[in-house]
Amino acid sequence: MPSARGLLELTRPGNALAAGLLTFVGAFVAGGVLEPTLGGAAAWVAAVLATILAVGAGMAINDYFDREIDRVNRPDRPIPRGAVSPREALAFSLVLFGGAVLLALTLPVPAIGIAVVNLLALVAYTELFKGLPGLGNALVGYLTGSTFLFGGAAVGGRLESVFVLFALASLATLAREVVKDVEDVAGDREEGLRTLPIAYGERRSLGLAAAVLALAVLASPAPYLLGTFGLPYLLIVLPADAGMLYAAYESFDDPSAGQSHLKAGTYVAALAFVVGRASVVI
């Protein structure tokens, strides 16, 4: 029998809960939390829970496909260390996917459409896209950014600001995923994957990540300049930008620390949107 701890570890609960939080942020920024008549509390709660289950399922199935790579890069994960068998991990992921689908079906049609695309992408990522230079990174970037779109669509809210947040989060995550590939070069090379660092070199890949991140940073003041959000938004997003730019620079010497700090910067930037939306209402 698989251990309960092993099954929980498969879902990367920190990542799954963080994704649920981003879905809530999308609903909040779209107006579906402060103005509950748009979708009601039940809609954003269902969206958040569906996101948590779907991300947990995606993490579990990723571990199933990555079990040989993880024996080199992540030997402490549940499958390599024997806490959960590959078959048990696959079955567990299917149960979680089923729960996510049932919850998503209670939401408006646009949210269902996003959920369907994302579920298919989660399943296809490891087997089809992860080893293709840049494409796997771009897919993960889209999936992270789309949690904001999903939350906004779930409550039927105004998506203008959410689209900006989606774009910024997608670009920042794309940069972080490239840095993470640099960190994982040893195991990926042994498995025969052609990630960006393996195909084009680590320094070039880190330079590309920095350029993508710079594009996101340059676009981040747009909600303030367009008058969507006021000064409180700018006062939070600019320090987040500075932190992420430093993380990109840091990645050239320490990819592990750089990608971790890039992830933290993304969440601070999301906080800027929450504060910006709240300040408009208040």
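The values are calculated or read from the model by the stated rules, or taken from the named source; none is laboratory data. Everything numeric here is computed off the predicted structure, so don't read it as measured data. Virtual Cβ from ideal backbone geometry, glycine too; neighbours counted across all protein chains shown.
Descriptive notes on the structure:
Every residue, every condition in (1) touching a Pro at 6+ places or on another chain (Cβ under 7 Å); (2) without any contact (Cβ under 8 Å) to a residue 12 or more places away in the chain; (3) on the phi < 0 side of the Ramachandran plot; (4) not basic (K, R), yes or no:
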position: G156; (1), (2), (3), (4): yes, no, no, yes
position: D181; (1), (2), (3), (4): yes, no, yes, yes
position: L196; (1), (2), (3), (4): yes, no, yes, yes
position: G201; (1), (2), (3), (4): no, yes, no, yes
position: A211; (1), (2), (3), (4): no, yes, yes, yes
position: A222; (1), (2), (3), (4): no, no, yes, yes
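- Candidates A83, A89, A57: the one that is buried (at least 16 other Cβ atoms within 10 Å of the Cβ) and outside any helix (DSSP H, G or I) is A83.
- Within the stretch 181-202, the set of residues being buried (at least 23 other Cβ atoms within 10 Å of the Cβ) and either in a helix (DSSP H, G or I) or among the hydrophobic types (A, V, I, L, M, F, W, C) (or both) comprises D181, V182, L196, P197.
- A single member of G145, G187, G136 is closer than 27 Å to A16 by Cβ, in contact with a Ser or Thr (Cβ under 7 Å, 6 or more places away or on another chain) and among the small types (G, A, S), and it is G145.
- Residue match in the stretch 120-133 (condition: surrounded by 17 or more Cβ atoms within 10 Å (Cβ to Cβ), within 23 Å of T173 (Cα to Cα), free of Cβ contacts under 8 Å to residues at least 24 places away in the same chain and of a type in the set (A, V, I, L, M, F, W, C)): yes
- Condition met for S205 (out of contact with any Gly (no Cβ under 6 Å at 6 or more places or on another chain), farther than 26 Å from D76 by Cα, surrounded by 23 or more Cβ atoms within 10 Å (Cβ to Cβ) and outside the structural domain of G20 (by TED's automatic domain parsing)): yes
- Flag if S170 is assigned to a helix (DSSP H, G or I), among the hydroxyl-bearing types (S, T, Y), assigned by TED's automatic domain parsing to the domain that holds A211 and at pLDDT 90 or above: yes
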